[in-house]
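The values are calculated or read from the model by the stated rules, or taken from the named source; none is laboratory data. Keep in mind that this is a model prediction, so the values were computed, not measured. Cβ: placed from backbone, ideal geometry, glycine included. Neighbour counts: every protein chain shown.
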């Protein structure tokens, strides 16, 4: 069946009438090549089908949640079993305690856990806990780092007032001098410092922080007796079976989790050390569905698979295989890629591609050959992928490179104003 | 089997080690009588079982989400069917459009819908949309009204900074003079006015607003060209098959939904009129699980049941039957109840009970007789309840009143410091 997107187009038209812009948020295709489908009908393992029936090897994994494959049989069996007993009830199930115990046993710095729904719930609770602990106000975050879409952290300031940001101070990720300047700017009113495990921003190369940087953050937080908060929502359990900064030998006080911890079932979490137990207890945070048992049962099973399977080594091996193959192909066709970040969470940008027309055309070509790659957001491999999937991907990417080379002089400039605005921001 | 709570006590002990305070948020039993169970093992229809196996007729309905009975077979079949296709994917399913169309067709003022996870996501998006539309900052809310646990609206200010509230102005619910004073205080910088459908605050009598009040809010918002936002998260579809203020003949610009719209499956929504389409489109709001298809499929089926069944008339009839029965019983035993709000969302407080010792002792008695009532939060009937359930409830409540009368002079003062603090706040 040749690739088509007629049904998607019809659905987008219907959506525009009843959803502002037809879609919103991080899964909107507004910044993607025009032919990327907006609506999907099915997902299984590492595969995704759009509403026109086109099948893809999916490198987005639902923007992170899919760690063990869509519809993983063990995890979904645990969810279905819990659903027979109860999900959203007048109180939590015992499985909430099981899940908290599992997280605490796996995350070195964690002595306790709280659960919520959005990654942004967890980061906001961490900010509030840091302020409750210290009695101080200022929060230091890296420029451009994404910590959610709440007023204090959303990257788009439309409808946001200055007061929402009055206590936010920024530093350059992995840059100790700018961090120290931010601490001086806080002027004794510092409550906490946020860091993502590595820099994973849209439209930018990813960056692994140095051990020295991580140690410097830890040292400052110790000296000021304030919270070091690692936002592990996106990368959690994709780099380690522990907090991601455990690789660097640095333990935060609080870390934030979400996305993959229940393989796509909706749950997020803030975990922390004993020192912050009383502060975490003193804040008020809740939501209608925060204590639902089904995502917690799915989480318990996901954590078991994290402990007992080679998912991590496997996604790294497959990521390395993909990275090496793409590097070779790009060179063969006269292109040069910037492949940054952990290979299991790859960001792929083209050298000498200021308006990203090459990157956009290449992923658009790959899409037609059955591979869903992303032109500006880091991707996520999952444990349902096999070496055969990588090889099939490399066959598709080779065709995509060949077409890119053939079309090179005819590729139109990237004229999407939203993309151009983001590119300007990223520079 | 006699009532016992040994397993619950063990679990609470385990929970304290790994969850701050053992539990948090609105489902915490910290403010409830000491014997109220914290953990539950099962829920079906109108019934709930705690971890010790005690069975209850549940008048909390998961604090609102359970509208058609726990594990409703039609709704859960729709959810299971969608789960076979896909839930959290790299993009939404067509069911997102179906759900938006269904909401728009049912809610008179709605021309579009956006989906999120927490009620607080929807209220925060409404605030941001109102600011984006008007370019102004001030938001007017009723004193004590609950709009979520985000920094701008959480009822507990621990860890919250003054800047989070700098643009929030309050009025007394259902009081036009105080509303007008709040508008004057906004001094030309007004962005929007929030109102709950009726006053449904903890530890307080509920209050139905007058038509004049609702019309006054509408008139002010029209005159200032700002958003009237009805927060229908708690009461939505429990008073009407439309926005709750449709009963008063007043249409808001934006309304917020959650809780019951998918019968316990996790989803919330902001809906609005054409005039606010562009503003809603201009904001950025998203979450890892906001586009998951399973809760949307459950929502579509829940909305069908809302349209096609007598659930609303039935819950009103059962609520009236309960209210009349309790009124009679209370009088017979020499007590007097304040039963306020819609009978399907009853708040039951005792007259002449300043520290609430009577109310607390009575619900504690009823608990042992198999009925889960709440001493300070409005309750929620659900459509799985039958007249026989109400009669069984009234048998239990009669025994609870008889015991209360027998113990009357020996009931200890309510010494829970958290409760006393809230009572002081509510007065």
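Are any of the residues in segment B:147-169 at pLDDT below 95 and more than 21 Å from residue A:288 (Cβ to Cβ)? Checked segment B:147-169: at least one residue is at pLDDT below 95 and more than 21 Å from residue A:288 (Cβ to Cβ). Looking for something over 30 Å from residue A:48 (Cβ atoms), modelled with pLDDT under 95 and surrounded by fewer than 24 Cβ atoms within 10 Å (Cβ to Cβ) - is there at least one such residue anywhere in segment B:108-126? Looking through segment B:108-126, none of the residues is over 30 Å from residue A:48 (Cβ atoms), modelled with pLDDT under 95 and surrounded by fewer than 24 Cβ atoms within 10 Å (Cβ to Cβ). Of the residues in segment B:279-287, at least one is within 12 Å of chain A (Cβ to nearest Cβ), touching a strand residue (DSSP E or B) at 6+ places or on another chain (Cβ under 9 Å), in a helix (DSSP H, G or I) and buried (at least 24 other Cβ atoms within 10 Å of the Cβ).
Screening A:304, A:338 for residues that are assigned by TED's automatic domain parsing to the domain that holds residue A:395 and closer than 30 Å to residue A:43 by Cα leaves exactly one candidate, A:338.
Filtered by the rule that a residue be at the interface with another protein chain (Cβ under 8 Å from one of its Cβ atoms) and part of a loop (DSSP other than H, G, I, E, B), segment B:47-66 gives B:51, B:60, B:64, B:65, B:66. The set of residues in segment B:91-102 that are facing chain A (nearest Cβ under 8 Å) and either touching a residue at least 12 places away in the same chain (Cβ under 8 Å) or under 29 Å from residue B:171 (Cβ atoms) (or both) comprises B:91, B:92, B:93, B:96, B:100. From the list A:381, A:373, A:367, A:349, the one residue that fits, being in the same structural domain as residue A:330 (by TED's automatic domain parsing), more than 24 Å from residue A:207 (Cβ to Cβ) and modelled with pLDDT of 95 or more, is A:367. Among the residues of segment B:1-37, those that are farther than 16 Å from residue A:101 by Cβ and either within 21 Å of the chain's Cα centre (by Cα) or in a strand (DSSP E or B) (or both) comprise B:24, B:25, B:26, B:27, B:28, B:29, B:30, B:31, B:32, B:33, B:36, B:37.
Residues that are buried (at least 23 other Cβ atoms within 10 Å of the Cβ) and within 12 Å of another protein chain (Cβ to nearest Cβ) occur in segment A:298-307; there is at least one. How many of the residues making up segment A:67-90 are at the interface with chain B (Cβ under 7 Å from one of its Cβ atoms) and buried (at least 23 other Cβ atoms within 10 Å of the Cβ)? Summing the residues that are at the interface with chain B (Cβ under 7 Å from one of its Cβ atoms) and buried (at least 23 other Cβ atoms within 10 Å of the Cβ) in segment A:67-90 gives 6. Could you tell me whether residue A:104 is surrounded by fewer than 20 Cβ atoms within 10 Å (Cβ to Cβ) and either assigned to a helix (DSSP H, G or I) or out of contact with any helix residue (DSSP H, G or I) (no Cβ under 9 Å at 6 or more places or on another chain) (or both)? In short, yes. Only a single criterion out of (1) surrounded by fewer than 19 Cβ atoms within 10 Å (Cβ to Cβ); (2) closer than 26 Å to residue A:376 by Cα; (3) touching a helix residue (DSSP H, G or I) at 6+ places or on another chain (Cβ under 7 Å) is not satisfied by residue A:166, namely (2). Filtering segment A:147-167 to residues that are within 10 Å of chain B (Cβ to nearest Cβ) and touching a residue at least 12 places away in the same chain (Cβ under 8 Å) leaves A:148, A:149, A:150, A:151, A:152, A:164, A:165, A:167.
Screening residue A:143 against (1) within 14 Å of chain B (Cβ to nearest Cβ); (2) farther than 25 Å from residue B:129 by Cβ; (3) surrounded by fewer than 19 Cβ atoms within 10 Å (Cβ to Cβ) leaves a single unmet condition, (1).
Screening the candidates A:255, A:246, A:269 for the property of being modelled with pLDDT of 95 or more, part of a strand (DSSP E or B) and more than 14 Å from chain B (Cβ to nearest Cβ) yields one hit, A:255.
Consider residue A:403 carefully, then state whether it is part of a helix (DSSP H, G or I) and surrounded by fewer than 23 Cβ atoms within 10 Å (Cβ to Cβ).
yes
Screening segment A:226-243 for residues that are outside any loop (DSSP other than H, G, I, E, B) and within 16 Å of the chain's Cα centre (by Cα) and picking the one that is farthest from the other protein chains (Cβ to nearest Cβ) gives A:230. Selection of segment B:236-253 for residues being touching a strand residue (DSSP E or B) at 6+ places or on another chain (Cβ under 6 Å) and within 11 Å of residue B:107 (Cβ to Cβ) yields B:236, B:243, B:245, B:252. Apart from one condition, residue B:223 fits all of (1) free of Cβ contacts under 8 Å to residues at least 24 places away in the same chain; (2) within 14 Å of another protein chain (Cβ to nearest Cβ); the exception is (2). Across segment B:38-56, the number of residues qualifying as crowded, with 21+ Cβ neighbours inside 10 Å, touching a residue at least 60 places away in the same chain (Cβ under 8 Å) and farther than 21 Å from residue A:287 by Cβ comes to 3. Residues of segment B:12-33 that are more than 9 Å from every other protein chain (Cβ to nearest Cβ) and in contact (Cβ under 8 Å) with a residue 40 or more places away in the chain: B:30, B:31, B:32, B:33.
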